[in-house]
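S.K.: Sharing a structure below in structure tokens format, with a few things to ask.
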Amino acid sequence: MPASSDRQAVEIEGHRLALSHLDRVLFPASGHTKAQVLHYYAQVAAVMVPHTAGRPASFVRAPEGLEGQSWIAKNLPGGAPGWVPVVTVEHRDGATEQVVIDSTAALIAMANLGAYEVHVPQWTAAAGPGAHDRLVLDLDPGPGADLVLCCRIAQRLRQLLADDGLTAHAVVSGSKGLHLYAAVRPASGRATSAYAKELAGRMRAEHPGLVVVSMARAERAEKVFIDWSQNASAKTTAAPYTVRLRERPGVAAPVTWDEVAACESPDDLAFTLEEVVGRVAAHGDLLAPLTGDDARAPLP
């Protein structure tokens, strides 16, 4: 995707898009422009879309980059092409028409509108919120803790999940922490959340000085908060491979368990957009097993 002019007309999967403001610097600290972010998404779409397809997406929109306004958006953005797929989702406060990122074209179209950060729930629109097919645990380090401690906690959680018949996959969040996913046979959000909460409670009982499961920020100093609540049907998690709107662009990047075990500094698992593209070229989608039906196991 050319990055030289400020406007560019392209055709993606048979859809014509007018890309604009390509020279706009979105991340002043790193100098990354909108063109570079769009190019990143074009390069990783083949591995990202399987993790977003069928799921109603929400976005963090920041059309002018980090120095402009940003907000969370669920409804279809104004100016979105008519061919972008949408689904109606009922929320507590009403219904929304939400985009489904099911193709490279849809991904680029949304990023072109400043929807740079993609979040999805752990259920598909076709199955509905009563049928979660993924379990997620968000390991968030509090003040004085870091990604290294998250990795140590994740290794033990992997063992506990395996004891319960579930296979864990690790994704650095692109911010400070780590996401753990497991493919599950369809279950309600209530059941999935209950199991995730119980699992987090087991970890806290084992390591009360390292783990916290309470939402209270005052309790998180030098500990890892295991956020089990993202399994609720109304919650979403940063999608694998999404750009994260931080001072320097982070990526929610899948990692191997060998990398988790070897992590000695947060920098060991902090990847640039270009590094993630290289990892995909070298290894493909490290998270691919999460999308296979044969990988799904029942909740205990």
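The values are calculated or read from the model by the stated rules, or taken from the named source; none is laboratory data. Model, not experiment: these values are computed from the prediction. The accessibility values were calculated without ligands, DNA or RNA, using every heavy atom of the protein model including side chains. Shrake-Rupley method; radii C 1.70, N 1.55, O 1.52, S 1.80 Å.
S.K.: Can you give the alpha-carbon Rg of segment 231-291 over 2.2 N^0.38 Å, where N counts its residues?
M.R.: Here the answer is 1.22, to two decimals.
S.K.: If you average 1/r across every pair of different Cα atoms in segment 174-300 and take the reciprocal, what Kirkwood value do you get, in Å? Mind dumping the intermediate values first?
M.R.: Details: mean 1/r = 0.0606 Å⁻¹.
The Cα-based Kirkwood calculation yields 16.5 Å.
S.K.: Applying the Karplus parametrisation 6.51 cos²θ - 1.76 cosθ + 1.60 with θ = phi - 60° to the phi angles of segment 150-164, what ³J(HN,Hα) value in whole Hz is obtained for each residue in order, glycine and proline being reported as x?
M.R.: 4, 5, 5, 5, 4, 5, 6, 4, 4, 5, 5, 5, 5, 4, 8
S.K.: What do you get when you divide the Cα radius of gyration of the chain by 2.2 N^0.38 Å, with N the number of residues?
M.R.: That works out to 0.98 for the chain.
S.K.: Now for a different question. Can you tell me which of GLY201, GLY189, GLY250 moves the most in a GNM of the chain? Springs connect C-alpha atoms under 10 Å apart.
M.R.: Its mean-square fluctuation being the largest, the pick is GLY201.
S.K.: Something else about it: Can you list the residues, at least 5 places off or on another chain, whose amide H is less than 5 Å from the amide H of ALA252, using H built in the peptide plane?
M.R.: For ALA252, whose amide H was placed from the backbone, the distant partners under 5 Å are TYR241, THR242, ARG244.
S.K.: Which whole-number percent gives the relative contact order of segment 111-208, counting Cα pairs below 8 Å spaced six or more residues apart?
M.R.: Computed over segment 111-208, the figure is 32 percent.
S.K.: Scan around GLU117 for amide H atoms under 5 Å from its own, H built in the peptide plane at 1.01 Å from N, and keep only partners 5 or more places away or cross-chain.
M.R.: HN-HN under 5 Å from GLU117: VAL60.
S.K.: While we're on this one: Can you work out D for segment 84-128 in µm² s⁻¹ from Stokes-Einstein, where Rh is the Kirkwood radius over C-alpha pairs, the temperature is 10 °C and the viscosity is 1.306 mPa s?
M.R.: 137
S.K.: Largest first, what is the accessible-area ranking of SER193, SER233 with a 1.4 Å probe?
M.R.: So, going from the largest accessible area down, we get SER233, SER193.
S.K.: So what's segment 1-98 giving for Rg/Rh, alpha carbon basis, Kirkwood Rh from the mean inverse pair distance? Walk me through the numbers before you get to the answer.
M.R.: Numbers: Rg = 15.0 Å, Rh = 15.3 Å.
A ratio of 0.98.
S.K.: If I model segment 85-158 as equal point scatterers sitting on the Cα atoms and use the Debye formula, what is log10 I(q)/I(0) at q = 0.12, 0.18, 0.25, 0.26 Å⁻¹?
M.R.: -0.56, -0.92, -1.11, -1.16
S.K.: From the C-alpha coordinates alone, can you work out the Kirkwood hydrodynamic radius of segment 35-161, in Å?
M.R.: Computed over segment 35-161, the radius equals 16.4 Å.
S.K.: Report the extension gain between GLU206 and GLU259 in nm, rounded to one decimal, defined as 0.36 nm multiplied by the number of residues separating them, less their alpha carbon distance.
M.R.: 16.7 nm
S.K.: Given segment 123-211 reduced to its alpha-carbon atoms as identical point scatterers, what log10 I(q)/I(0) does the Debye formula return at q = 0.10, 0.16 Å⁻¹?
M.R.: Here log10 of I(q) over I(0) equals -0.26, -0.65.
S.K.: Based on alpha-carbon centroids, what's the gap between segment 185-255 and segment 125-142 in Å, whole number please?
M.R.: 10
S.K.: Before anything else, pin down the relative contact order of segment 136-291: Cα pairs under 8 Å, at least 6 apart, normalised by residue count, whole percent. Mind showing how you got there, number by number?
M.R.: Working: 261 pairs, mean separation 48.3, N = 156.
31 percent.
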